Amino acid sequence: MKASLVGEETVKPGAETKVEIRIATASWSGRISKSATVETDDPANPKLQLTLSATVVVNLDFENLQLRFQDAQVGERRVERVRFVAEKPDAVKFGKVTCTGPGIQARMVQETEQGQTVWYLEVELRPSMAGHVGGTVEVELLEPEPKTLKIYATASVIGDVRVTPQVMVLHETGEGAETNVRLEAVKDPFTIKSAKDPAGLLSVEIEALAKGRTYVLHVRLTKAGKAKGTFESAIVIKTSSAKQPEIKVPVHVLPQGSQPALAKPKAMEALVPVVK
């Protein structure tokens with residue numbers, strides 16, 4: 001959401017001005033509500049809260065443009081569905097469905113609910129790698145309006161070792177100047193051989209909460225990292241796990257109070273190969 005003043009900055013008694021509010025509705029459907037705060041020099045009204053409510057109507061698109069698989073296991077088959085919204089579903093015709101990303105397949109499925117035709121995009125994930133997996137599904141719509149529909153699929157895939165979080169955020173100063181990552185044995189015990197940032201911008205301290213089962217890595221900025229400011233790096237963890245001998249955890253270093261932008265998932269991001 002973006003809000004900006006498009007009218008006069010100084011408002012005389014009895015006069016008015018205009019504030020423009022823009023909401024990106026690409027990933028929304030149904031009823032939404034957003035608010036914006038206007039700061040003024042009026043002692044009686046130093047802050048004005050503006051609330052905008054709307055109903056987003058989706059037609060010839062998916063209800064959600066992001067699909068997330070939580071805690072998928074390596075080799076496990078998982079299926080999720082997203083509804084396709086159309087005013088006249090009987091007049092819809094689809095073409096090719098194209099998938100990118102490891103272990104992702106998809107197809108359009110037609111069903112009947114309460115006597116009405118309903119379309120779903122059925123996405124299947126069978127990951128062979130642990131870590132953060134991402135990809136896209138593109139669906140060719142032929143009728144009634146030719147266009148390409150796209151949905152982003154991401155998954156948190158668990159192997160022998162559960163990593164939380166799979167992406168870390170570290171702030172340059174303040175309380176956020178340290179961040180932690182937790183590694184837990186899913187089944188068999190393991191040990192951490194080493195954990196470091198190859199670039200030397202981050203330091204890592206390994207704490208064993210339950211040896212062979214649970215570890216916490218304390219990640220901080222080195223002197224070189226503090227001098228660099230905002231950057232992206234990664235912690236590379238060597239383990240005794242036969243299936244996950246190396247785990248890579250991305251780290252975003254940001255100014256205090258900010259959060260990383262939501263990026264579209266890459267086809268293969270932060271993947272850990274599984275040795276069979």
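What follows is calculated from the coordinates using simple rules that are stated; it is not laboratory data. Keep in mind that this is a model prediction, so the values were computed, not measured. No Cβ is skipped: glycine too gets one built from the backbone with ideal geometry, and neighbour counts run over all protein chains shown.
For the reader, a short list of remarks on this structure follows.
- In the structure shown, the pairs K196/K243; K150/K226; K228/K248; K34/K96 are assessed against 30 Å; a Cα-Cα span above that value is assigned to K150/K226; K34/K96.
- Per-residue Cβ neighbour rank within 10 angstrom, fewest leading, F190, F94: F94, F190
- Considering all C-alpha pairs of region 115-259, those separated by over 28 Å amount to 36%.
- Full-stretch length increase - K228, T98 - with 0.36 nm per residue and alpha-carbon distance subtracted: 42.7 nm
- For region 2-56, with +1 on Lys and Arg beta carbons and -1 on Asp and Glu, the positive-most of V6, P43, A24 along the dipole: A24
- Residues in region 181-199 that a label on R220 would reach, taking backbone N under 17 Å of a point 7 Å out along Cα→Cβ: 181, 195-197
- Radius 12 Å from Cβ of I158, net charge of other residues (Lys, Arg +1; Asp, Glu -1): 0
- Largest mean-square fluctuation among G159, G229, G101, in a Gaussian network model of the chain whose springs join Cα atoms under 10 Å apart, belongs to G229.
- GNM flexibility winner over the chain from T239, T17, T230 (Cα, springs under 10 Å): T17
- GNM flexibility winner over the chain from V251, V163, V38 (Cα, springs under 10 Å): V38
- For the chain, the antiparallel share of DSSP beta bridges with both residues in that region comes to about 90%.
- In the chain, Cα pairs under 8 Å separated by at least six residues give a relative contact order of 15 percent.
- Total charge dipole magnitude, region 19-172, about the Cα centre, Cβ charges on Lys, Arg, Asp, Glu only, Debye to nearest 20: 320 debye
- Rounded to whole Hz, the Karplus (6.51, -1.76, 1.60) HN-Hα couplings of region 93-104, x for glycine and proline: 9, 10, x, 6, 10, 10, 10, 10, x, x, x, 10
- Residue exposure proxy: L141, L50, ordered by other Cβ atoms within 10 angstrom of their Cβ from fewest to most, comes out as L50, L141.
- Once the chain from Q70 to E20 is taken as fully extended at 0.36 nm per residue, the excess over their C-alpha distance is 14.2 nm.
- Between T222 and L202, S203, the built amide H atoms are under 5 Å apart, and every one of these is 5 or more places off in sequence or on another chain.
- Cα-only Debye scattering, region 2-56: base-10 log of I(q)/I(0) at q = 0.12, 0.21, 0.24 Å⁻¹: -0.37, -0.86, -1.02
- Cα gyration tensor shape for the chain, rounded if a/c is under 1.5, else prolate or oblate: oblate
- Residues D61, D71 arranged by fewest to most Cβ contacts within 10 Å: D71, D61
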